[in-house]
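Here the structure comes first, spelled out in structure tokens, and everything after it is commentary.
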Amino acid sequence: MTEEIGTIISTLEGPSPGKVSFVVTSGIMNRGQFVEIDYSQGRLVGLVVDVFKTNKYFERAESVKEFESSGKKLFEQFPVSEWEYLVAETKPMGVYTNDGKIIRHSFPPSPGDKVRVASSETIEKFLGFDKNGVHLGEINFHGTIVKPNLSRLLKKHLAILAMSGAGKSTAVKTIIEEVLDRKKENGRLAVVVIDVHGEYTCFGEPATKPGEVDYTKKTFIIRSHEIKIGVPKLNVGLVSSIVSGLSSPQKRELERILNSLKSEMKQGAGPFDLNRVEAVISQDKSINDATSRILLSWISSLKDLDLFGKTDSPSVFDVLRPGHLTVFDLSDEINLKKKQIIVSYFTQRFFFERKNGAIPPFLLVIEESHQFAPQEAKEEYAISRRIIETIAREGRKFGACLCLVSQRPINLSTTALSQCNSNIILRVTNPYDLKHIGESSEGIDSKSLEMITTLAVGEALLVGEAVNHPVFFRVRKNKCPESKHEISLEQAARVFEEKKENLNKEALQFL
Ligand SMILES: Nc1ncnc2c1ncn2[C@@H]1O[C@H](COP(=O)(O)OP(=O)(O)OP(=O)(O)O)[C@@H](O)[C@H]1O
Ligand SMILES: [Mg+2]
């Protein structure tokens, strides 16, 4: 049994099933701590949602002012410190019964009942953690390990939301490490990250410092210039999502040409690229001139993207392997349309092959997901939105899990976000984003929303399917080597100047 910390008091509003206040009789109590109270069927578990101090001597403003304006101090004349009390406002969450079940409570405990700090065992059972789960971090003040079950956390998708610099990528890396460290018998997923800022390439770096873990053998880093979409894999559906405004006759002609090239390929002609499609269209006299011109201009715009080849690179089958990570490092790419095409194409391929059972269940992490599934943008500026929404709706049936990461949840497709049944929310202060999070995430009350604004870097709220009740915790430190991405402003400025000086020196040699 844990230490006794306080006694329930009678207030205007409680104790009630929804609110219990207690005076702290020994030690201190912090907002976010769990407590337990003996209850008829077992233990009533509560979360401290607020703590405040009271002191009778300082209740009346006019008396305090009157007394102290005479030059005397209250604390010198009266035993004021003996009259200071710490009161904790608690939200009862349910009963952990003597036979290990969790049931709802419908009546309050009594004034005078004793309150204890909840034990880690009670918290783990009450929140529904799993000994083989995903070690995300620790609950502040308790040291209880936050270990939600893998399926509960990811199967119905996860959203990680916070303002810039609050610790989103650190939280994602923690999850990736956990997935990569899993044993085969516990079930291993393949992981793919759409990495917009090169924050995950550190998984491909050898460990150099004590405590770091080397993930190089389990990681494939694909740079944006290495990525190619195999033209024989293109279909009219994907093409029309890339090139807006193709009419039905134009789509029909294109489909006919792609199909004839695909059947030539099957007969041994080998894979074809855009040059070949272009040549066939130019030579095909059965296509009318206007259609031919439009299709050729379409091909020319696709060629400008320098993204299409004879085969896919990387091959979906090579990279999606259980317990392995593939990072699509798009940090060198500035063309958003090209990035959306990459995400759209590969995501469709992953989902299709997963439905066929040709690749393992996977976790697809999309950083800056509001760029890839924007809420407001027109179809032609949101090429990847449709497939992300499709996986959000249907993925769970096939073991295709999404982890959407965003610092602008208000700009993220509500269809996709609302399908993310688990949320990790770190510090958010923007009132619009906060309101949006409150509306889109069930189980967050106004007190929790208020606490989100005061979180420190690396502190988070886990809410939704993954846990029986929302819980605030500190995300654990990463094990992978430190990201080169995180250099200081001073360092970045020095690198720039040194580079410039070297360039100048080189130029002088040729004068
Ligand atoms: N759980 C944590 N423990 C310790 N430090 C952390 C933690 N989370 C984040 N940090 C610190 O904060 C920095 C920023 O974190 P991170 O890159 O994860 O934030 P982010 O939300 O992904 O930022 P951005 O929006 O810029 O991508 C990290 O480099 C690290 O120093
Ligand atoms: Mg980040």
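The values are calculated or read from the model by the stated rules, or taken from the named source; none is laboratory data. None of the values given here were measured: they were computed from a predicted structure. Here the Cβ is made from the backbone with ideal geometry for all residues, glycine too, and neighbour counts use every protein chain on show. The accessibility values were calculated without ligands, DNA or RNA, using every heavy atom of the protein model including side chains. Shrake-Rupley method; radii C 1.70, N 1.55, O 1.52, S 1.80 Å.
Exactly one residue out of SER418, SER384, SER406 is within 16 Å of ligand 2 (Cβ to nearest atom) and under 30 Å from SER244 (Cα atoms), and it is SER406.
Would you confirm whether or not the stretch 160-170 contains a residue that is away from ligand 2 (no atom under 16 Å from the Cβ) and either assigned to a loop (DSSP other than H, G, I, E, B) or open to solvent by less than 10 Å² (accessible area, probe 1.4 Å) (or both)?
Checking the stretch 160-170: not a single residue is away from ligand 2 (no atom under 16 Å from the Cβ) and either assigned to a loop (DSSP other than H, G, I, E, B) or open to solvent by less than 10 Å² (accessible area, probe 1.4 Å) (or both).
I'd like the full set of residues that are outside any helix (DSSP H, G or I), under 23 Å from SER313 (Cβ atoms) and open to solvent by 60 Å² or more (accessible area, probe 1.4 Å), limited to the stretch 234-270. Once the filter is applied, which keeps residues that are outside any helix (DSSP H, G or I), under 23 Å from SER313 (Cβ atoms) and open to solvent by 60 Å² or more (accessible area, probe 1.4 Å), the stretch 234-270 yields only ASN235. Across the stretch 310-324, the number of residues qualifying as touching a helix residue (DSSP H, G or I) at 6+ places or on another chain (Cβ under 7 Å) and either open to solvent by less than 30 Å² (accessible area, probe 1.4 Å) or over 21 Å from GLN340 (Cβ atoms) (or both) comes to 6.
Among all positions in the stretch 108-116, there is at least one residue which is of a type in the set (Val, Ile, Thr), away from ligand 1 (no atom under 16 Å from the Cβ) and either within 29 Å of GLY14 (Cβ to Cβ) or in contact with a strand residue (DSSP E or B) (Cβ under 8 Å, 6 or more places away or on another chain) (or both). Is the stretch 369-379 home to any residue that is buried (at least 19 other Cβ atoms within 10 Å of the Cβ), part of a strand (DSSP E or B) and hydrophobic (A, V, I, L, M, F, W, C)? Taking every residue of the stretch 369-379 in turn, none turns out to be buried (at least 19 other Cβ atoms within 10 Å of the Cβ), part of a strand (DSSP E or B) and hydrophobic (A, V, I, L, M, F, W, C). Looking only at the stretch 137-181, residues that are farther than 19 Å from LEU127 by Cα, more than 16 Å from ligand 1 (Cβ to nearest atom) and at pLDDT below 95 come to 0 in all. For the stretch 3-28, which residues satisfy the criterion of being without any contact (Cβ under 8 Å) to a residue 24 or more places away in the chain and either under 19 Å from GLY94 (Cα atoms) or touching a strand residue (DSSP E or B) at 6+ places or on another chain (Cβ under 8 Å) (or both)? Passing the criteria: THR11, GLU13, THR25, SER26. Checked against the criterion of being open to solvent by 10 Å² or more (accessible area, probe 1.4 Å), in the same structural domain as ARG188 (by TED's automatic domain parsing) and not in a helix (DSSP H, G or I), the stretch 340-354 contains not a single residue that satisfies it.
Of all the residues in the stretch 387-444, those that are in a helix (DSSP H, G or I), more than 28 Å from LYS91 (Cβ to Cβ) and among the basic types (Lys, Arg) number 3.
To keep it simple, each residue is scored yes or no on (1) in contact with a strand residue (DSSP E or B) (Cβ under 8 Å, 6 or more places away or on another chain); (2) under 25 Å from ILE388 (Cα atoms).
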| position | (1), (2) |
| --- | --- |
| VAL277 | no, no |
| ILE281 | no, no |
| LYS285 | no, no |
| ASP304 | no, no |
| ASP312 | yes, yes |
| VAL319 | yes, yes |
| GLY323 | yes, yes |
| PHE328 | yes, yes |
| LYS337 | no, yes |
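Exactly one residue out of ARG427, ARG408 is of a type in the set (D, E, K, R) and either modelled with pLDDT of 95 or more or touching a strand residue (DSSP E or B) at 6+ places or on another chain (Cβ under 8 Å) (or both), and it is ARG427. Filtering the stretch 65-92 to residues that are open to solvent by less than 30 Å² (accessible area, probe 1.4 Å), among the aliphatic types (A, V, I, L, M) and within 51 Å of the chain's Cα centre (by Cα) leaves VAL80, VAL87, ALA88. Any idea which residue in the stretch 461-493 is surrounded by the fewest Cβ atoms within 10 Å (Cβ to Cβ), counting only those that are near ligand 1 (Cβ under 8 Å from one of its atoms) and in a strand (DSSP E or B)? Among residues in the stretch 461-493 that are near ligand 1 (Cβ under 8 Å from one of its atoms) and in a strand (DSSP E or B), the one surrounded by the fewest Cβ atoms within 10 Å (Cβ to Cβ) is ARG474. Is one or more of the residues making up the stretch 261-271 touching a Pro at 6+ places or on another chain (Cβ under 6 Å) and in contact (Cβ under 8 Å) with a residue 40 or more places away in the chain? Yes, there is a match, as at least one residue in the stretch 261-271 is touching a Pro at 6+ places or on another chain (Cβ under 6 Å) and in contact (Cβ under 8 Å) with a residue 40 or more places away in the chain.
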